[in-house]
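**Student:** Supplied in structure tokens, the structure appears directly below.
Since every read-out is calculated from the coordinates, none of them should be taken as a lab result. Here the structure is a predicted model, which means the values were calculated and not measured. Cβ placement follows ideal geometry from the backbone for every residue including glycine, while neighbour counts extend to all protein chains displayed.
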Amino acid sequence: MIFNTGAALLDAIVLAVVSREPEGTYGYKITQEVRQVIELSESTLYPVLRRLMRDECLEVYDVECGGRNRRYYKITPRGSAQLKLYEAEWIRYSGKITGMFEGGVGR
């Protein structure tokens, strides 16, 4: 993709991915799902996860898997509310951009 992905859009995408799993999901799986829509490295993902945890949008817990702990991320009620705001803003924003491309806005 040639368009830059800002922090808010990354937060929205990660929250959307995590929200699909009621029990939470782990970092590698999040990366793989996000990569279906945008290019993202694990080194980019983990600061996003830390920011969302700091903002109390995600909570974290560990699960033993194959003799090792796997860190799971789960959306919080605050994260769900933030995701709803992002979704509403995305609909408004993407509609305006589409309108520009179609010649309906700004003319």
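**Student:** Restricting to region 13-38, give me the number of residues that are in contact (Cβ under 8 Å) with a residue 60 or more places away in the chain and either part of a loop (DSSP other than H, G, I, E, B) or out of contact with any Leu (no Cβ under 7 Å at 6 or more places or on another chain) (or both).
**Tutor:** So the answer is 0.
**Student:** Which of the residues spanning region 39-55 are without any contact (Cβ under 8 Å) to a residue 40 or more places away in the chain and of a type outside the set (Asp, Glu)?
**Tutor:** 40, 41, 43, 44, 45, 46, 47, 49, 50, 53, 54 - these are the residues of region 39-55 that are without any contact (Cβ under 8 Å) to a residue 40 or more places away in the chain and of a type outside the set (Asp, Glu).
**Student:** Can you find a residue that is more than 11 Å from the chain's Cα centre (by Cα), assigned to a strand (DSSP E or B) and among the hydrophobic types (A, V, I, L, M, F, W, C) anywhere in region 42-58?
**Tutor:** Within region 42-58, not a single residue is more than 11 Å from the chain's Cα centre (by Cα), assigned to a strand (DSSP E or B) and among the hydrophobic types (A, V, I, L, M, F, W, C).
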